[in-house]
1. Nearest 20 debye, what's the magnitude of the dipole of the stretch 95-173 about its Cα centre given +1 on Lys and Arg Cβ and -1 on Asp and Glu Cβ?
2. Under a plain spin-label model, where a point goes 7 Å from the Cα along Cα-to-Cβ, how far apart in nm are LEU174 and ASN156?
3. FRET efficiency for ARG62 and GLU139, Cβ-Cβ distance as r, R0 = 30 Å, nearest 0.05?
4. Could you work out how far helix 74-88 tilts from the main Cα principal axis of the chain, as a 0 to 90 degree angle to the nearest 10?
5. What angle, in degrees between 0 and 90 and rounded to the nearest 10, separates the Cα long axis of helix 165-191 from the longest principal axis of the Cα atoms of the chain?
6. Return the calculated 222 nm mean residue ellipticity for the chain, to the nearest 500 deg cm²/dmol, obtained by summing -39500 (n - 2.57) across DSSP H runs with n ≥ 4 and dividing by the residue count.
7. Which one of LEU84, ILE152, TYR102 has its Cα pushed farthest toward the positive end of the charge dipole of the chain, where Lys and Arg give +1 and Asp and Glu give -1 at the Cβ?
8. Measure nothing but the geometry: give the 0 to 90° angle between the long axis through the Cα atoms of 195-218 and the longest principal axis through the Cα atoms of the chain, rounded to 10°.
Amino acid sequence: MRAVLRARLGWARLALRGAALGRAPGPPCWSCGAALPSGDGPRFCPGCQALQPPAPRPDLFRLMDCDRSFRIDPGQLQRRFRSLQRAVHPDRFGQRPPKEQYYSEQHSSLINKAYQTLLNPLSRGLYLLELSGVEPAKETDCDADSAFLTEIMEINEKLAESKNEDNLKEIETLIKVQQEELTREVTAAFERDDLQEAKKLLAKMKYFANLEDKLKAMKIPS
């Protein structure tokens, strides 16, 4: 009984401290009621070491220890991904209570999602727009750019007419070059805080992502 009261008192103190700093505290430990700090990453109770549930809407950049920026360090992102997965992978929780096993699965899935979202330039850009309150980029955002739409149509025609692996590799190279150029342009748009331009460029990247999907479906297995 005393332990529970101490845990609740600790949570209340943490809540007061967080309020003074303008931060809301996390909920108390589900297992023992101990006070817990708020955070976007996996948390273990300092008292009973129980794994806590993921935050409801975590910031994926904070979760992966990255600056909220379109320009990221893939090596740093991968190291963070591996470190987090080692800590929460379900294989480590086989002997723990069912609730912790469930939380470890949730964390592992969330970490995979965060890694894939931030690693891919298109999904990373779309997520940045979402965090900034900008409506998602749609392919129709490119409707006014007739030259671009003509280029996409020509590539689609080449795909439809391709009969061998060499042709597909040529188209693959073309798409890769275009995506790399768009990635550079999106980086520049975000760094000058031109979100509407970034949105238009990301819409173009969506077209090329669709072409990449078509190409993968057509490639001859090696």
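The values are calculated or read from the model by the stated rules, or taken from the named source; none is laboratory data. Keep in mind the model is a prediction, meaning the values are calculated, not measured. We place every Cβ from the backbone using ideal geometry, glycine too, and count neighbours over all the protein chains shown. What goes into the accessible areas is simple: the full protein's heavy atoms, side chains included, and nothing from ligands, DNA or RNA. Shrake-Rupley method; radii C 1.70, N 1.55, O 1.52, S 1.80 Å.
1. Values: 8 positive and 16 negative charges, 157 e Å.
Computed about the Cα centre, the dipole is about 760 debye.
2. Simple spin-label model gives 1.4 nm for this pair.
3. On the way: r = 30 Å, r/R0 = 1.01.
E(calc), rounded to 0.05, equals 0.50.
4. Between the helix axis and the principal axis of the chain, the angle is about 40 degrees.
5. That works out to roughly 60 degrees.
6. Details: 8 runs with 138 residues, N = 222.
Taking each H run of at least 4 residues, the total per residue is -21000 deg cm²/dmol.
7. In the chain, that residue is TYR102.
8. 70 degrees
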